[in-house]
Every structure is written in C-alpha cells, then in structure tokens.
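What follows is a short report on a single structure.
The values are calculated or read from the model by the stated rules, or taken from the named source; none is laboratory data. On a predicted model such as this, the values are computed, not experimentally measured, just so you know. All Cβ positions, glycine included, derive from the backbone under ideal geometry; neighbour counts span all protein chains shown.
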Amino acid sequence: MTKQELKEAIRKKAYAVGFSKVGFTHAGLEREEAHFTEWLRRGYHGEMRWLERAPERRTDGARMLPGARTLVCCALNYYQGPPVDEPLAGVISSYARGTDYHDVLKGKLEQLASFIEETCRVPTKLYVDTGPVLEKSYAAAAGLGWLGKHSNLLSQDGSSWFFLGEILVPLELPVDSEARDQCGTCKRCIDACPTDAIVEPYVVDSRLCISYLTIELRGFIPRKLRPLIGNRIYGCDDCQDVCPWNRFAKKSEESAFFAREPLASMDLIEMMSMSRETFLDATRKSAIRRARYPGFLRNVAVALGNSGDPKAVAPLMDALAHEEPLVRGHAAWALGQLGDPRARKRLEACLLVEANEAVQDEVRWALSRLEKY
C-alpha cells in the first residue's frame, strides 16, 4: 500500500466511524509558537494556568509521541440549532447540551487509532481537547477550515460548529492543503461579542469572554461584566450565531449531542434550588460539570439578576443562605440588580451574620442599589 493509499484508507475509516471531516498535516507547527507565546504574555489566558506549562509542546507533536510525523485531524458536527431565548430560560452553549463531547469523540478516535495501529503496525496517540495541542491551528493547517476572526475554526462547507480531535502518527503521510481565509472585511463576530472579548481580529482575551467567565473562572465574576452575561449560564455562542458562514450549518445527526434532560426542561428558578446531589445527577456525563456546582449556581444567580423578572426574587433570597459563598455573593448582587425592595430586609439580616468578606461586599453593594427604590 502506498502512502497515498494509506492516507485515503484512514480517511475512509474516519468517515465510517462517524466523523464529518478529516485532514492530514505535519506534526510540527512551529510557526504558531510565537503567536501563542505572545497571547500568554498578554495574560489573555486568565486563570487557565495549565496553558503556561511547556508551551513548546503545543506546536511539536514529537514531544508527545516520539517520532511523530503526521497529525490526523478529525472534526465532528455538533450543531443543534439556536436555543430558546427567554429571560427565565438559561442559555447553555450548543456544544454542552448533550453528552460530554470528550467521551463521544474519544470513542470514535479510538476506533480510528486502532485501525491505524493495526494497518501500519505503529503506535499512535490521540487527543480530545485534553492535551497540549493547538488543535484549531492544526486543523486549519490540515485544511479543515480557517481560523475566523473570533478564533474558531470555520469551514466553507459546514460552518464552525465542530468538535475537534487529533491522532499523532509516527509516519510521513501526504498532507492536505490549507484552506484560504474567507472572512474578508466581515467583523460581525467582533461587533456581536457582548463583552468585547475579541480585542482584535483573530485574538480573544479569555478574561472577558463569557465562555471563560461561566466555565473556567472559579471565583467571583467581575461585577462590571455580570450585566453583559444576560441569561447565559454556560458558555456563549454569540460570535458563531452571527457568522454569515453559519447560515449553511446543518443539524448534527449524532444523537449523543441532543439536548439532555432534566436541564433541557428546567428554568432558572428550578436550577437555583438545585442541591449538589441534584446537580451531579443532572450533569452526569455532561461537559457542564466543568463549571462545578458553585460555579454553575453562580451563573444561574447572575442570569436571574439580569432577567428583570419579579419571580426571581424569592429563590435569590433563599440563596442568601446557601452553603457556598460564591452562590451567596452572586445572589446578593442579583437582588440588587433586580432592584426589588422586598429583598431589603433579607439582605440586611444576611449582612448581620455573613462572615465572608467578599459576600459582605456584594450585600452592601446590593443594599446601596436598593436605596434608589
């Protein structure tokens, strides 16, 4: 079997196991190292400190698999259509509404990797957003699409709603041609970002990104950014929703990505009352667990504060007694944001017994807001 025939056999197998796109590129991507290093230097990664560890590995596959020469990049469509956008319906990013994509992609990649190992008699190493690989840059190099101004991978024949996975192979296989950048002068994604996180074309400051704020950030969300989050409780798709290329998106037929119950049917008020056990049950095998219980309820409290709905007052007042300071603090902020005078006495009582200084500060802020009403 020639190298070209081997490449096509791998591609055919990738489609057979369910991938939407597959491409081949070199296992080294040194040209991206300076760009990534500068992004880190600016602090745009926020609290994601793991990105600082041995950054040179992210552009050199041989550091993860000795002798790696080729990276097989696979993409899987996950698009499920726009969410129901109502004030008391928390918006969860499309990628997280179904089963955890790590599990789905890993199963498919393992099938493909086994095929490569059995056919070529070589070891492989695979990643699903779990290792030091600049997967979007590699996918662009492999011809799966180009990096849009929002920094997501865009495909001319299939939108940006793709999960990515990679397999390192210690063989020199023919590589695919890169796709041409088709963004042109369009800057809809930049204009649509609620927090101006796309600080320049192709550069995102994670510290401002709603996906980072609702998932990766473990502490208090900066107060000035909370009103901009709206009713998003896990991630944000705004930059993808407005992209003209996504008009061509087709819904994924992968049943694992269909919206899961019970979260799909719960409104913000129901979510605010979730116990830790209920949260863990509801998010079993779901990417939403990454936000963790206190972080998720923190997000729900912010969304309730932004809802403008008087029905949010009662569950938020109950949350002032929550076991987690992160939840108590954001519930206090939300009550101040709503501006309902019914919350004044409960906030005053909370201030008398609250021991956490950060929560105290949020309660005082809320009370200062209620003075206006």
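Is it fair to say Glu178 is modelled with pLDDT of 95 or more and in the same structural domain as Pro123 (by TED's automatic domain parsing)? Judged against the criteria, Glu178 is not a match. Summed over the stretch 1-38, the residues that are among the aromatic types (Phe, Trp, Tyr) and at pLDDT below 95 give a count of 1. Take the conditions (1) in a strand (DSSP E or B); (2) over 26 Å from Trp245 (Cβ atoms); (3) out of contact with any Asp or Glu (no Cβ under 7 Å at 6 or more places or on another chain); Gly131 misses just one of them, which is (1).
The rows are residues; the columns are (1) under 19 Å from the mean Cα position of the chain (by Cα); (2) of a type in the set (S, T, N, Q); (3) at positive phi.
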{"position": "Ala14", "(1), (2), (3)": "no, no, no"}
{"position": "Phe24", "(1), (2), (3)": "no, no, no"}
{"position": "His45", "(1), (2), (3)": "yes, no, no"}
{"position": "Arg49", "(1), (2), (3)": "yes, no, no"}
{"position": "Pro66", "(1), (2), (3)": "no, no, no"}
{"position": "Leu71", "(1), (2), (3)": "no, no, no"}
{"position": "Gly81", "(1), (2), (3)": "yes, no, yes"}
{"position": "Leu88", "(1), (2), (3)": "no, no, no"}
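Quick one: is Ala68 in contact with a Pro (Cβ under 8 Å, 6 or more places away or on another chain), within 23 Å of Arg284 (Cα to Cα), not aromatic (Phe, Trp, Tyr) and not in a strand (DSSP E or B)? Before the answer, list the steps.
Numbers: in contact with a Pro (Cβ under 8 Å, 6 or more places away or on another chain): yes; within 23 Å of Arg284 (Cα to Cα): no; not aromatic (Phe, Trp, Tyr): yes; not in a strand (DSSP E or B): yes.
It is false that Ala68 is in contact with a Pro (Cβ under 8 Å, 6 or more places away or on another chain), within 23 Å of Arg284 (Cα to Cα), not aromatic (Phe, Trp, Tyr) and not in a strand (DSSP E or B).
The residues of the stretch 23-60 that are in contact (Cβ under 8 Å) with a residue 60 or more places away in the chain and in contact with a strand residue (DSSP E or B) (Cβ under 9 Å, 6 or more places away or on another chain), listed by number, are Gly23, Phe24, Thr25, His26, Ala27, Leu29, Trp39, Arg42, Tyr44, Thr59.
Whether any residue in the stretch 284-298 is among the basic types (Lys, Arg), surrounded by fewer than 20 Cβ atoms within 10 Å (Cβ to Cβ) and in contact with a Ser or Thr (Cβ under 8 Å, 6 or more places away or on another chain) is what I want to check. Yes - at least one qualifying residue is present in the stretch 284-298. Restricting the first member to the stretch 252-271 and to residues that are among the charged types (D, E, K, R), and the second to residues that are part of a helix (DSSP H, G or I), the beta-carbon pairs closer than 8 Å and six or more apart or on different chains are Glu254/Val104.
From the set of residues in the stretch 161-189 that are β-branched (Val, Ile, Thr) and crowded, with 19+ Cβ neighbours inside 10 Å, which is nearest to Leu112 (Cα to Cα)? Outline the logic, then answer.
Quick first cut of the stretch 161-189, residues β-branched (Val, Ile, Thr) only: 167, 169, 175, 185.
This time we only want the ones that are crowded, with 19+ Cβ neighbours inside 10 Å, so: 167, 169.
On the way: Ile167: 9, Val169: 12 Å.
So the residue we want is Ile167.
Select from the stretch 82-95 the residues that are touching a helix residue (DSSP H, G or I) at 6+ places or on another chain (Cβ under 8 Å) and part of a loop (DSSP other than H, G, I, E, B) and write down the one among them that is surrounded by the fewest Cβ atoms within 10 Å (Cβ to Cβ). Step by step, filter the stretch 82-95, then rank; the result is Pro82.
Being at pLDDT below 95 and touching a Ser or Thr at 6+ places or on another chain (Cβ under 7 Å) narrows it down to one of Gly158, Gly90, Gly148, Gly143, so name that one. Before the answer, list the steps.
Values: Gly90 fails: touching a Ser or Thr at 6+ places or on another chain (Cβ under 7 Å); Gly148 fails: at pLDDT below 95; Gly143 fails: at pLDDT below 95.
Selected residue: Gly158, the only one of Gly158, Gly90, Gly148, Gly143 that is at pLDDT below 95 and touching a Ser or Thr at 6+ places or on another chain (Cβ under 7 Å).
Of all residues in the stretch 210-221, none satisfies being more than 23 Å from Leu40 (Cα to Cα) and either in the same structural domain as Gly184 (by TED's automatic domain parsing) or surrounded by fewer than 20 Cβ atoms within 10 Å (Cβ to Cβ) (or both). Being surrounded by fewer than 17 Cβ atoms within 10 Å (Cβ to Cβ) and either under 30 Å from Tyr95 (Cα atoms) or among the basic types (Lys, Arg) (or both) is a description that does not apply to Asp318.
Which ranges mark the helices (runs of 4 or more DSSP H) fully within the stretch 268-373 that have 2 or more residues being more than 21 Å from Leu228 (Cβ to Cβ) and within 26 Å of the chain's Cα centre (by Cα)? Before you say what the answer is, go through the steps one by one.
Details: elements: 268-272, 276-282, 292-307, 313-319, 325-338, 344-353, 357-370.
Correct list: 268-272, 276-282, 292-307, 325-338.
Applying the set (1) out of contact with any helix residue (DSSP H, G or I) (no Cβ under 7 Å at 6 or more places or on another chain); (2) closer than 15 Å to Leu164 by Cα to Phe19 leaves exactly one unmet item: (1). Selection of the stretch 233-253 for residues being closer than 21 Å to Lys285 by Cα and surrounded by 21 or more Cβ atoms within 10 Å (Cβ to Cβ) yields Ile233, Tyr234, Gly235, Cys236, Ser252.
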